[in-house]
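Notes to accompany the following structure.
The values are calculated or read from the model by the stated rules, or taken from the named source; none is laboratory data. This one's a predicted model, so the numbers in the text were calculated from it and none came from an experiment. FYI the Cβ positions are ideal-geometry reconstructions off the backbone, even for glycines, and counts take in every protein chain you see.
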Amino acid sequence: MRFFDASCRLGRPAAFGEGMPWQTDEILEIMARCHIDGALAYHIVAREGETQDGNELLLREIAQIPQLQPQWCALPATYDEFLHADALRDAMKENGVRTLRIAPKSFAHSARPYAMKELMGFAAECRVPVFFDYGEAPCDELYEICHDYPDVSFVITNTAYALNRWLGPVLDACGNLYLGTGNYVPHRGLETFCKYYAADRLVFNTNLPTGSATAAVSLVCFADISKEEKELIAHGNIERLLGEVRL
Amino acid sequence: MELKDHVFLSKELKDTFVVDVHIHVGGSTRYQKPRNDGDSVVYTMDRLGIDVTCASCSPGAYCDWMWGNEVCAEAHAGHPDRIKAYAVVNPNYEFDLDEYFVRDDRFFGLKAIPFVQGNLPIDCAGMQQYYAYADKHGLPVLFHAWQPSEVRDATAVARRYPNARFIFGHSGFTAVEEAVEACKLCDNVLLDTTISDIYDGALERIVSKVGADRVAYGTDLTAFECSHILGRVLLSRLTDTEKEKVLGLNAKEFLKL
């Protein structure tokens, strides 16, 4: 089975555990070890430093690495701090960017429509999947985002094992929510998810380098679900979402 | 076939002895903990090729520890060769462990997690009765040893009670420096691999510091899944010989299984 990682991170972290594989060649080594053919990557500078500089650094970092595809971090364009919709479309098209990552809590802005209307309108029109970490919009905020923008496909990443009571009702209410599998580790969690919500809402990701590719791959490989469901999770669903992007 | 191939082939580990030294049975008010009974545990064990698990009832630790121990003992009774039961002990009570280990043969060791029982330290006065009993009878004790201070306390206990055998749950990832020191000072200490999320390379790091003989596979099943931690071992850069030690051989010897 082959895997496509829907979300990992590149770039130099301020701090890291001894032996943590944060350098790009180390990430590529782990991907190869885990049979991960390709990945969507964002840059730590775009997420933790300055968004547009980080997005540029990302393009330079992966220019010669065909396995890695760019994922840009995005802000509302208030004060012209980020690209307005038309410019964003052109830039994404020019640079082969097909997904965006938002971080409303970390970036200190509202996720409600009065603040995000232009960016989310663009994502809906161009069918650009939008990623964010669960910590950026936990609990009711997750519902609000998915509910406010029903035509945008959202993928949440960096989840955990104790979320199901929060997550289930949002999945029930919002068909546009997809779950990144990296560190989604309730006991037999993927099996339960497939039973209640179907495998086509699960997207394989690793959360590298802070997350574990070896764990993420094993979760899918050892899950008590069909081969077809595993293929959808491992690469099929993200390939479908990327194939729907119209820039 | 190398051990890593089991992951990509989705094959259970038939020819490797696997022991999970750190699991939980019983549901929880705190979060959804699906399929937490003994039968479900054994179903998962069979699917992955895990031979033996060592269980406690963590929800019981937060409230009625004796109720929790009954839940755990029931899981063991249903599968006596597959699920071993730790009795959760509580430092706020005086309790004669003969109740569990002489008049009742359902338990094989103790689980110590006093921080959820009034925020008490591992080495508090109320726990000494239990450590002394474990020392007298050579019992295994599983610590929740997450914080560096907990690992330091656990190390002091392990030195004071050399005939008991102590598993430091989590500590090889959460308090590495202290866990390494514990392994240097105490022959009766084993670290486990239990953690929900840790970067690739962390297992190799702790094995490089304490040796492959001092680390055992543990997962927190059913608090969460166990297959991802199995994969962290199988797909790590350890040799297959080292992986076999971590997966089961160390625990087999340490726990006298």
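If we scan the range A:40-52, do we find a residue that is basic (Lys, Arg) and within 12 Å of chain B (Cβ to nearest Cβ)?
So the first thing to find is which residues in the range A:40-52 are basic (Lys, Arg), and the list is A:47.
Pick out the ones that are also within 12 Å of chain B (Cβ to nearest Cβ) and you get none.
No.
Taking the options A:Ile65, A:Ile27, A:Ile102, name whichever one is at pLDDT 95 or above, of a type in the set (Val, Ile, Thr) and under 30 Å from A:Glu144 (Cα atoms). Steps first, please.
Numbers: A:Ile65 fails: under 30 Å from A:Glu144 (Cα atoms); A:Ile27 fails: under 30 Å from A:Glu144 (Cα atoms).
Among A:Ile65, A:Ile27, A:Ile102, only A:Ile102 is at pLDDT 95 or above, of a type in the set (Val, Ile, Thr) and under 30 Å from A:Glu144 (Cα atoms).
With the requirement that a residue be touching a Lys or Arg at 6+ places or on another chain (Cβ under 9 Å), of a type in the set (Asp, Glu) and either over 22 Å from A:Leu241 (Cα atoms) or surrounded by 19 or more Cβ atoms within 10 Å (Cβ to Cβ) (or both), what does the range A:98-143 give you?
Of everything in the range A:98-143, those that are touching a Lys or Arg at 6+ places or on another chain (Cβ under 9 Å), of a type in the set (Asp, Glu) and either over 22 Å from A:Leu241 (Cα atoms) or surrounded by 19 or more Cβ atoms within 10 Å (Cβ to Cβ) (or both) turn out to be A:Asp133, A:Glu136, A:Glu141.
Per-residue answers, yes or no, for (1) buried (at least 24 other Cβ atoms within 10 Å of the Cβ); (2) closer than 24 Å to A:Pro129 by Cα; (3) at pLDDT 95 or above:
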site: A:Tyr184; (1), (2), (3): yes, yes, yes
site: A:Phe193; (1), (2), (3): yes, yes, yes
site: A:Leu208; (1), (2), (3): yes, yes, yes
site: A:Thr214; (1), (2), (3): yes, no, yes
site: A:Lys230; (1), (2), (3): no, yes, yes
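Looking only at the range A:181-230, count how many residues are among the basic types (Lys, Arg) and within 9 Å of chain B (Cβ to nearest Cβ). So that I can check it myself, show each step before the final result.
Pass one, the range A:181-230, residues among the basic types (Lys, Arg): A:188, A:195, A:201, A:227, A:230.
Next, only the ones that are within 9 Å of chain B (Cβ to nearest Cβ) stay: A:188, A:227, A:230.
Selection size over the range A:181-230: 3.
Quick one: is B:His144 at pLDDT 95 or above, farther than 24 Å from B:Cys186 by Cα and under 16 Å from the mean Cα position of the chain (by Cα)?
Details: at pLDDT 95 or above: yes; farther than 24 Å from B:Cys186 by Cα: no; under 16 Å from the mean Cα position of the chain (by Cα): yes.
Spelling it out, it is not the case that B:His144 is at pLDDT 95 or above, farther than 24 Å from B:Cys186 by Cα and under 16 Å from the mean Cα position of the chain (by Cα).
State whether one or more residues within the range A:141-148 are facing chain B (nearest Cβ under 9 Å), within 30 Å of B:Ile229 (Cα to Cα) and touching a residue at least 24 places away in the same chain (Cβ under 8 Å). Full working, then the answer.
Initial filter on the range A:141-148 (facing chain B (nearest Cβ under 9 Å)): none.
No; the residues of the range A:141-148 include none that is facing chain B (nearest Cβ under 9 Å), within 30 Å of B:Ile229 (Cα to Cα) and touching a residue at least 24 places away in the same chain (Cβ under 8 Å).
Against the conditions (1) away from chain A (no Cβ under 14 Å); (2) in contact (Cβ under 8 Å) with a residue 40 or more places away in the chain, where does B:Asn69 fall short? Just the number, please.
Here B:Asn69 clears every test but (2).
Select, from B:Lys33, B:Lys84, the only residue that is within 30 Å of B:Val7 (Cβ to Cβ) and away from every other protein chain (no Cβ under 14 Å).
Working: B:Lys33 fails: away from every other protein chain (no Cβ under 14 Å).
It is B:Lys84.
Please specify each residue of the range A:113-144 satisfying the condition of being more than 18 Å from A:Leu88 (Cα to Cα) and small (Gly, Ala, Ser). Let's see the steps before the verdict.
Step one: list which residues in the range A:113-144 are more than 18 Å from A:Leu88 (Cα to Cα), which gives A:113-114, A:132-144.
Listed by number, the residues that qualify are A:Gly135, A:Ala137.
Restricting attention to the range B:140-170, which residues are part of a helix (DSSP H, G or I) and farther than 22 Å from B:Lys256 by Cβ? Outline the logic, then answer.
Our first condition is that a residue be part of a helix (DSSP H, G or I); within the range B:140-170, this holds for B:148-160.
Of everything in the range B:140-170, those that are part of a helix (DSSP H, G or I) and farther than 22 Å from B:Lys256 by Cβ turn out to be B:Pro148, B:Ser149, B:Glu150, B:Val151, B:Arg152, B:Asp153, B:Thr155, B:Ala156.
How do the helices (runs of 4 or more DSSP H) wholly within the range B:1-113 filter down when requiring 2 or more residues that are closer than 30 Å to A:Glu229 by Cα: which remain?
Numbers: elements: B:5-8, B:38-48, B:58-62, B:65-78, B:98-101.
Ranges flagged: B:5-8, B:38-48.
Could you please let me know if A:Arg47 is of a type in the set (Lys, Arg), in contact with a strand residue (DSSP E or B) (Cβ under 7 Å, 6 or more places away or on another chain) and assigned to a helix (DSSP H, G or I)?
On the way: of a type in the set (Lys, Arg): yes; in contact with a strand residue (DSSP E or B) (Cβ under 7 Å, 6 or more places away or on another chain): yes; assigned to a helix (DSSP H, G or I): yes.
So A:Arg47 fits the description; yes.
Is the range B:231-246 home to any residue that is at pLDDT 95 or above and within 15 Å of the chain's Cα centre (by Cα)?
Here is the first cut: in the range B:231-246, the residues at pLDDT 95 or above are B:231-246.
Next, only the ones that are within 15 Å of the chain's Cα centre (by Cα) stay: B:246.
The answer is yes, given that some residue of the range B:231-246 is at pLDDT 95 or above and within 15 Å of the chain's Cα centre (by Cα).
Quick check on the range B:198-212: of everything there that is within 12 Å of another protein chain (Cβ to nearest Cβ) and buried (at least 19 other Cβ atoms within 10 Å of the Cβ), which residue is nearest to A:Thr159 (Cα to Cα)?
At the first step, the residues of the range B:198-212 found to be within 12 Å of another protein chain (Cβ to nearest Cβ) are B:198-209.
Going one step further and asking which of them are buried (at least 19 other Cβ atoms within 10 Å of the Cβ), we end up with B:198-203, B:206-207.
On the way: B:Ile198: 13, B:Tyr199: 15, B:Asp200: 17, B:Gly201: 21, B:Ala202: 20, B:Leu203: 22, B:Ile206: 25, B:Val207: 28 Å.
Looking at residues that are within 12 Å of another protein chain (Cβ to nearest Cβ) and buried (at least 19 other Cβ atoms within 10 Å of the Cβ), I get B:Ile198.
If you take the residues in the range A:12-35 that are in a loop (DSSP other than H, G, I, E, B) and crowded, with 16+ Cβ neighbours inside 10 Å, which one is farthest from the other protein chains (Cβ to nearest Cβ)? Let's see the steps before the verdict.
Going residue by residue through the range A:12-35, those that are in a loop (DSSP other than H, G, I, E, B) are A:12-23, A:34-35.
Adding the requirement that they be crowded, with 16+ Cβ neighbours inside 10 Å leaves A:17, A:19-22, A:34-35.
Values: A:Gly17: 6, A:Gly19: 4, A:Met20: 4, A:Pro21: 6, A:Trp22: 9, A:Cys34: 6, A:His35: 6 Å.
Residue satisfying both the conditions and the ranking: A:Trp22.
Residues of the range A:98-122 being touching a residue at least 40 places away in the same chain (Cβ under 8 Å), more than 21 Å from A:Asp140 (Cα to Cα) and not in a helix (DSSP H, G or I), which ones?
A:Arg98, A:Thr99
Confirm whether B:Leu190 is touching a Lys or Arg at 6+ places or on another chain (Cβ under 8 Å), surrounded by fewer than 23 Cβ atoms within 10 Å (Cβ to Cβ) and aliphatic (A, V, I, L, M). Walk me through how you get there before you give the answer.
Details: touching a Lys or Arg at 6+ places or on another chain (Cβ under 8 Å): yes; surrounded by fewer than 23 Cβ atoms within 10 Å (Cβ to Cβ): no; aliphatic (A, V, I, L, M): yes.
Spelling it out, it is not the case that B:Leu190 is touching a Lys or Arg at 6+ places or on another chain (Cβ under 8 Å), surrounded by fewer than 23 Cβ atoms within 10 Å (Cβ to Cβ) and aliphatic (A, V, I, L, M).
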